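Here's the structure we're looking at; comments come further down.
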Amino acid sequence: LEFRRVLFRSNALKHAGAEEVRFYARASADSLEIRIEDDGRGFEPEVLKARGRRQGLGNMARRAEAMGGTLTVESKPAKGTTVRLVVKLPKDA
């Protein structure tokens, strides 16, 4: 977990110019939610997708889907970015 936290912070600093990155994790009996929020410059997700410049986020979405989860990205210019991963847990977890 510590390594991942450093990685998220590094990417937010590198790509978003963020000063603050918040990491949240919540587990219930049937799911795990991880949310990362930053106060960086933000972007228009649809514009990035249309330009084909979504490699990192695309890879993250494919990995989430492979685990049976979903990845959502909310961002607006000058408003920061929130990345949310929700994965359903097996009944015997």
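The values are calculated or read from the model by the stated rules, or taken from the named source; none is laboratory data. Keep in mind it's a predicted model, so treat the numbers as computed, not measured. Don't worry about glycine lacking a Cβ; one is built from the backbone with ideal geometry, like all the others, and counts go over all protein chains shown. These area figures cover heavy atoms from the full protein model, side chains too; ligands, DNA and RNA do not enter into them. Shrake-Rupley method; radii C 1.70, N 1.55, O 1.52, S 1.80 Å.
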| field | Among the residues listed as 9, 63, 4, the single one being out of contact with any Asp or Glu (no Cβ under 7 Å at 6 or more places or on another chain), at pLDDT 75 or above and assigned to a helix (DSSP H, G or I) | value | 63
| query | Which residues, taken from segment 65-88, are open to solvent by less than 100 Å² (accessible area, probe 1.4 Å) and touching a Ser or Thr at 6+ places or on another chain (Cβ under 6 Å)? | reply | 75, 81, 84, 86
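From the list 46, 19, which residue is modelled with pLDDT under 85 and assigned to a loop (DSSP other than H, G, I, E, B)?
On the way: 46 fails: assigned to a loop (DSSP other than H, G, I, E, B).
Result: 19 is the single residue among 46, 19 that is modelled with pLDDT under 85 and assigned to a loop (DSSP other than H, G, I, E, B).
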| task | State which residue is farthest from residue 56 (Cα to Cα) when the search covers only segment 29-41 and only residues that are open to solvent by 60 Å² or more (accessible area, probe 1.4 Å) and not in a strand (DSSP E or B). | result | 29
